[in-house]
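One structure is given here, and the rest of the page talks about it.
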Amino acid sequence: MTVAVQDNLSAQLSANVLASIQQLAAVEGREVQALLDEALQEYIDRKTKAQVSQQVLNAFADSIAEFDSLYAELAK
């Protein structure tokens, strides 16, 4: 069984964001901390995916620049 290690974080939120997250937590029967953890993980995943996608696009552009004539010949 894996035990998650947790650290503390202190943050300031706008009043409306805090009220919204507290309301969601109450509706879902979950702790605010759990919702914040989930939201931050989704943000990290989305940003990481965007970086990987940009790396793929850059590699594709480099490939086109280097092998354009080869690709044209192969397409014939």
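Computed from the coordinates by the stated procedures, all read-outs in this text should not be read as laboratory data. It should be emphasised that the depicted structure is a prediction, and the values quoted were computed from it without experimental measurement. In this analysis, Cβ positions are derived from the backbone assuming ideal geometry, glycine residues included, and neighbour counts consider all displayed protein chains.
Within the chain, report the GluC sites (Glu not before Pro) that DSSP leaves as loop and that have at most 15 other Cβ atoms within 10 Å.
Answer by residue number: GLU31.
Between the helical axis of 32-75 and the dominant principal axis of the chain, each derived from Cα atoms, what acute angle in degrees is found, rounded to the nearest 10?
Helix 32-75 and the main axis of the chain meet at about 0 degrees.
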